[in-house]
Amino acid sequence: MSFTATTRRILLLLALSATVACSPSGSASPSSSAGPSDPSAASSAPSPASSSPSGSLVLVGRIVTMDEPAVAEALLIEDGTVTAVGTRDEVLALAGDQVPVMDIGQNVAYPGFIDAHSHWIGDRDYYGLDSASEAMQAALERGWTSIAELWVNQERLTELETLAADDALPLRVDAYLALNEPAVDGDHFGDWYADREPGPITDWLRIQGLKVHLDHGVDLLWEAAELNATILAANEAGWQVAIHAITTEAHEMALDALEAALGPSGPNPLHHRIEHAIQVTDAQLARMVAMQLPVVIHLDTAVADWLGDPHDLTDLGGETAWLTRWQDFVDAGLHVAGATDAPWIFPDFIMTDDIGRPVDQIAGGMDPIGRVYREPPEWMAAQLLTAEEGLRAVTLDAAFALGDEARRGHLATGTLGDVTILSGDVTTATPDEIRAMTVIATIVNGVIAFCTEPGACP
């Protein structure tokens, strides 16, 4: 398949799960500055590793908390929960002698990165992996501690629940139950979710919300009356709804349905959210702000690639002022989450080592150079984010989009012990330097789920 065909497919399917074979039955945070300490080496041949079974660990080094203090010298995780953040001496004194200590040297620790919209597990066949464990390992190796699976039918739900029951989830999974197939004339599944409630299955699996695939390319997949009734019923039952919307027409329909359920000025306690938010008018942005709707966008280069194709831009009406309004979303005060949409951003569904990573989201927001179209257009370059804003998109705002901002996306007493350690400080680096950073370790619930050099990890 040529790259032109790939970008055409992304326009038609953008960010959504594969067309499935089977349908279901029945708060502001401070940014940090740089200041590396001592070096530590990393191996060129990564392999999995784990910490003590207790899920307790002390990290010593530069720790970006996305909380107060903005940067800490040490962090204590006990039984999977952060219990202390502070100076090295303070934390070591609290930890005692029984808790393993990991000195991260000149590397930098961050709150565990959250992929707020992906299909790592459900669509693994598309990018050549045979098992869920391989897919989750690929996510861990890239530095993700949480992944949201945004199209889960009954078959996929059963698989996730089985993995959870078997203690076979090495990272956190937030599942969104599909309400329709992502295709013109595709099936709608009705309220198959109604016999259950949203919430955690285990500490590792949450059935978080519902997924509405509203448009497919430029084609709408729902009638307004059906959508309005569906959103209203879900909201009244306590379910968060994630709505896939690309075009202004889809956004208008989504906002009408959400406004009917929430009222024109919210509030939005369930964190109903808009996925992709590619083409948004000023009036629609104002309505999103009034209803307090988080948006989940893709800062990596896939968007630059398909919008760089003049044919695809024509399909969207050619109005560039309404496209990829990343900085406008941030300036308007929305929670803006960054996400991979893996594997749908992989050119020709080929997963390489330099794609699908948190660092790609952060760098892509700063410098959206495509993998095919190397020069981003002026209108896209006018919507760039800072490194701090990109970091927030894969931590704090990603956690908000999942409705779990109290426990994830920052490091403070009482938060989950999820940490990603990178080889550098993204807050002071250029986009190219960020893309060149490597994952040193991925820690989930105080357990080292991945380490580039197992000998350096306790």
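Near the amide H of Ala449, within less than 5 Å, lie the amide hydrogens of Thr442, Ile443, Val444, all on another chain or at least 5 residues away, with H placed in the peptide plane. The GluC sites (Glu not before Pro) of the stretch 189-296 meeting both criteria, a DSSP state outside H, G, I, E and B (loop) and at most 13 other C-beta atoms within 10 angstrom of the site's C-beta, are Glu223. Comparing Ala406, Gly370, Ala393 along the charge dipole axis of the stretch 358-408, the residue lying farthest to the positive side is Ala406, per the Cβ-charge model.
Between Thr281 and Thr430, the contour length at 0.36 nm per residue exceeds the alpha carbon distance by 50.5 nm. Taking square-rooted eigenvalues a ≥ b ≥ c of the alpha carbon gyration tensor, is the stretch 134-179 rounded, prolate or oblate, where a/c under 1.5 means rounded and, failing that, a/b exceeding b/c means prolate? It is oblate, given that a/c is not under 1.5 and a/b is not larger than b/c.
Scanning residues 5 or more positions from Met102 or on other chains, those with amide H under 5 Å from its amide H are Val58, Leu59, Val60, with H placed 1.01 Å from N in the peptide plane.
Estimated at 0.36 nm per residue, the fully extended path between Glu68 and Glu155 surpasses their Cα-Cα distance by 27.1 nm.
Each residue of the stretch 450-458 was assigned a 3J(HN,Hα) from its phi angle through the Karplus curve 6.51 cos²θ - 1.76 cosθ + 1.60 (θ = phi - 60°); the sequence is 8, 8, 5, 9, x, x, 8, 10, x Hz, with glycine and proline shown as x. The slack in the chain from Thr320 to Leu94, taken as 0.36 nm per residue of separation less the alpha-carbon distance, amounts to 75.9 nm.
All other residues whose Cβ lies under 9 angstrom from that of His119 are scored, Lys and Arg at +1 and Asp and Glu at -1, for a net of -2. Between Arg374 and Glu226, the modelled labels are 4.6 nm apart [label points 7 Å from Cα along Cα→Cβ]. Does anything in the stretch 244-279 have its amide N under 12 Å from the 7 Å Cα→Cβ label point of Ala233, and if so which residues? Inside the label zone: nothing. 3J(HN,Hα) along the stretch 420-430: 10, 10, 10, 7, x, 9, 5, 6, 10, 9, 7 Hz, from the Karplus curve 6.51 cos²θ - 1.76 cosθ + 1.60 with θ = phi - 60°, whole Hz, x for Gly and Pro. Separation of the stretch 418-453 from the stretch 230-256 is 35 Å, based on Cα centroids. Once backbone amide H atoms are built at 1.01 Å from N, Ala342 has His119 as its partners under 5 Å, excluding neighbours fewer than 5 places away on the same chain. Just check the stretch 387-458 against the gyration tensor rule for me: Cα atoms, a ≥ b ≥ c as the square roots of the eigenvalues, rounded for a/c under 1.5, and otherwise prolate or oblate depending on whether a/b exceeds b/c. It is oblate, given that a/c is not under 1.5 and a/b is not larger than b/c.
Values in this text are rule-based calculations from the coordinates and carry no lab data. Since the structure is predicted, the reported quantities are computational estimates derived from the model, not experimental observations. Cβ coordinates were reconstructed from backbone atoms using ideal geometry, including for glycine residues, and neighbour counts include every protein chain displayed.
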